Protein chains: 2
Amino acid sequence: MAATETLTAERILEATEEVLRRHGPAKATVVDVARALGVSHGSVYRHFRTKAALREAVTKRWLDRTSERLAVIAGEETPVEVRLRDWLAALFEAKRHKAGDDPELFATYSVLAEESGATVGEHITDLTAQLARIIEDGAESGTFRAADPAAEARAVFQATARFHDPCYAREWQQPGIEEDFKVIVDLLIRGLGAPVRP
Amino acid sequence: MAATETLTAERILEATEEVLRRHGPAKATVVDVARALGVSHGSVYRHFRTKAALREAVTKRWLDRTSERLAVIAGEETPVEVRLRDWLAALFEAKRHKAGDDPELFATYSVLAEESGATVGEHITDLTAQLARIIEDGAESGTFRAADPAAEARAVFQATARFHDPCYAREWQQPGIEEDFKVIVDLLIRGLGAPVRP
DNA sequence: CAGCTGACAGATATTGAATTCTGTCAGTCC
DNA sequence: GGACTGACAGAATTCAATATCTGTCAGCTG
């Protein structure tokens, strides 16, 4: 399809996503990607030095989509304790939705993420920075008494790992998980120094 | 060794641990265990209905050893916020020590735990009950204002997963993990209603 | 006769030969 | 001459034959 257009990194990434969706992470080959694009696999290597680099780029695209959506929430003007809660809920909801909607594709991306340690690390740094911004805002407005927003952001992120780390994906569909989420987030927000919600 | 003694479940469990240590979870067979004991593998099946049951029993023994050690701390008479901190630190230290000391054996037991969902579930229920007791004590003494100690115990356990869940084992040796632990535990203890430590 | 053995059927794992894949590059085609 | 092809070497993966393991049970043994 559309073999007439010039071959770009973007088009290769799209084709790679499609091949991964179809074949899964174990069986998706560079030859498959080239075939889907109607080119020889040598051409793919002109844009990505290795198969690992190609997979890493696909992973980055996928992670960035979530980062961008969360950045919107982090930038809102709502009260910080509401904003923090919304942000964490949005992260949880995004992950749970992806995992529940198409478990196979989610498993595929989980494998990719496992491979691409550095890329995932950057993604986590990014998300933690968003959290730190919210906590800083809270410190300025007097809602939180944050001694070290960056450290507390990391703590909040890690303490809620159960609701965003793929290794817990199977638990996201269980009943009662919403309550678990609420109790942990309440504890953390109170720990940051905010008054308890009614 | 000691092939003259009668064959008991206990002796089989010991031999199984040894075989697992030697061969790893993938290659440890019932025949190996029987050979180590100097009996036929049919005899092993007299005490454990299946290989899975045998592995589950080994896993339970291993988990129970940790539970027992932690129960001692949970039962101490120290101030609750100190006791809670000590308990969580002991859990972290126990896991980290096992993982760092003999990574291969730890990986073996992680695989076993993965297989034995029910047994691990009971172990977690047990640990959470210990935590709940500490939080209840804190509520009685007025240090914590616990609305629902059982729920909060689960929350504290899950929020500190990074420091006891085997899926994070590789991070336990990294520098800075101690600080991460402290920030999360501080946040949780403050969230439970305790005053901040100096 | 209670506890154990060892042969057995079906399921699972191992092995090595044959295939497919990755990454390169000299050469082709606009 | 810059983008692309396709043949190639070595690495990684299949696949099927082969071996091992699990779980059972009739019969042995002390």
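Readers should treat all values here as calculations from the given coordinates under stated rules, not as data from a laboratory. Model, not experiment: these values are computed from the prediction. Counting neighbours? That spans all protein chains shown, and the Cβs are built from the backbone with ideal geometry, glycine included.
Each Lys and Arg contributes +1 and each Asp and Glu -1, all at the Cβ; summed about the Cα centre of chain A, the dipole is approximately 580 debye.
With the simple model of a label 7 Å out from the Cα in the direction of the Cβ, residue A:82 to residue B:93 spans 4.5 nm.
With label points defined 7 Å past Cα in the direction of Cβ, position residue B:75 shows copy-to-copy spacings of 5.8 nm, given to one decimal and shortest first.
Which values of log₁₀ I(q)/I(0), to two decimal places, follow from the Debye formula for the range B:20-119 at q = 0.11, 0.18 Å⁻¹ with a uniform point scatterer at every Cα? Evaluating at q = 0.11, 0.18 Å⁻¹ gives log10 I(q)/I(0) of -0.45, -0.91. In a DSSP loop and with at most 10 other Cβ atoms within 10 Å, the trypsin sites (Lys or Arg not before Pro) in the range B:1-84 are B:49.
Give the relative contact order (percent, whole number) for chain A; include only Cα pairs under 8 Å separated by 6+ residues.
That works out to 19 percent.
Scattering from the range B:55-191 was approximated by placing one identical point on each alpha carbon and applying the Debye formula without solvent; log10 I(q)/I(0) at 0.13, 0.16, 0.22 1/Å stands at -0.55, -0.83, -1.43. Restricting the GluC sites (Glu not before Pro) of the range B:1-96 to loop positions (DSSP other than H, G, I, E, B) with no more than 10 neighbouring Cβ atoms within 10 Å leaves B:5, B:77. Here the range A:105-169 is treated as an ellipsoid with the same Cα gyration tensor; its semi-axes, largest first and in whole Å, are 28, 12, 8.
Legend: distances between Cα atoms for A:95/A:182; B:95/B:182; B:27/B:51; B:60/B:95; A:51/A:95; pairs beyond 20 Å are A:51/A:95. Divide the volume of the convex hull around the Cα atoms of the protein assembly as shown by the residue count and you get 184 Å³ per residue.
The residues packed around residue A:154, meaning those with a beta-carbon under 11 Å from its beta-carbon, carry a net charge of -3 if Lys and Arg are +1 and Asp and Glu are -1. Highest average first, the peptides A:100-106, A:138-144 ordered by how many other beta carbon atoms sit within 10 Å of their residues are A:138-144, A:100-106. A cut-off under 12 angstrom between Cβ atoms defines the neighbours of residue B:61, and their net charge, with Lys, Arg +1 and Asp, Glu -1, is -3. Computed on the range B:127-189, with alpha-carbon pairs under 8 angstrom and 6+ residues apart, the relative contact order is 27 percent. Residue by residue along A:161-172, Cβ atoms of other protein chains within 10 Å of the local Cβ number 3 on average.
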